[in-house]
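The values are calculated or read from the model by the stated rules, or taken from the named source; none is laboratory data. No experiment lies behind these values; they were computed from the predicted model shown. Glycine gets a Cβ as well: all are built from the backbone with ideal geometry, and neighbour counts include every protein chain shown. These accessible areas exclude ligands, DNA and RNA; they are computed on the full protein's heavy atoms, side chains included. Shrake-Rupley method; radii C 1.70, N 1.55, O 1.52, S 1.80 Å.
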Amino acid sequence: MKNISIIWGLLALIIANDAWSCAVCGVALEASRLAFIYSTAILSLIPLAMIGGLIYYLYYLDKLNQKKSEPSDL
Amino acid sequence: MDTTSIAQTRTPIISNVLLATVIFVIVEVMFFAGLLSAYAVIRAGAGLNWIPPSDVRLPVESTLINTGFLIASGILMVLTVIWFNKFKDKSRKAFWGTVVLGAIFVVWQGQEWLKLLSLGMTIGTGVFAATFYLLIGAHGLHAISAILAMLYIILVLQKRCRIDQLQSIMVYWLFIVGIWPVIYRMVYF
């Protein structure tokens, strides 16, 4: 059953182009296809990078605050 | 330990105003990333047909100078925040400089638009003109909103303005300044 699902999944990938199921499948230009792939990658990564960056920055600020508030040994 | 005593022992690591602005800017980045991605795909699909309407040439050089004004205003905005605590007077002057240079950028862009419109390039002329006005217009509206916010700080809040409010407007303005060279490079070339 699991193997059949995988085969269906792979078949779906193969026929995506024939089904015109992406924004640029109907365009014959290679540049258009590449632009679509790159923009998809960028749009997927930017939010992850920004949210990750924000969370790390808040974590860094918190650590810095904790260090400042710790009593000195001397 | 009740919530009041927790609040007394823990100070916030970042002000709410600043955090909200940063989250808002993240959303704005995605808005522009979406617009620019759509633009890139449409442009790539058009191939060699991606040219302005006849008799129209985009003001590349003039806009480059204008870009200089915008970047200078971004630098002044950073100086405004740096000088805020120690040099109040210098900070206020730098803030005014930011507003004036930002306003020059917007007015200059508006003038370029009027020239393009007089040459017959309207938003209905074609896909080239439509995407041009959409991208540049979206950026221009953001710049205008930031300038209005800065004027509110200068004219209404005046000396009651806090550092986190200035930092917030700096984050927003730096986003507007930072995204512009990307738009300029993609749209004008």
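Results, tabulated for the structure shown:
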| item | result |
| --- | --- |
| Peptide B:11-17 - average C-beta neighbours from other chains (10 Å radius) | 3 |
| For segment B:116-189: relative contact order, % (alpha-carbon pairs under 8 angstrom, 6 or more apart) | 31 |
| Positions from segment B:33-56 whose accessible area shrinks by 20 Å² or more when the full protein complex is built, not the chain alone, probe 1.4 Å | B:Ala33, B:Ser37, B:Val41, B:Ala44, B:Gly45 |
| Helix runs (DSSP H) in chain B reaching 24 Å along axis by Cα, Kyte-Doolittle at least 1.0 | B:16-46, B:60-83, B:127-152, B:163-188 |
| For the pair A and B, total buried accessible area rounded to nearest 100 Å², probe 1.4 Å | 1400 |
| Inter-chain shielding of A:53-60 (mean C-beta neighbours from other protein chains, 10 Å cut-off) | 2 |
| Cα pair distances of chain B binned at 10 Å [whole percent] | 8, 31, 29, 18, 9, 3, 1, 0 |
| Heavy-atom accessible surface of chain B: percent carbon and sulfur, 1.4 Å | 71 |
| Signed unit charges on C-beta, dipole axis of chain B, positive-most listed residue B:Tyr184, B:Ser62, B:Val156 | B:Val156 |
| List B:Trp173, B:Trp83, B:Trp50, ordered by accessible area with a 1.4 Å probe, largest first | B:Trp83, B:Trp50, B:Trp173 |
| Violating pairs (Cα-Cα greater than 25 angstrom) within the set A:Lys68/B:Lys159; B:Lys93/B:Lys115; A:Lys68/B:Lys86 | A:Lys68/B:Lys159; B:Lys93/B:Lys115 |
| Relative contact order for chain B, counting Cα pairs under 8 Å that sit 6 or more residues apart, in percent | 32 |
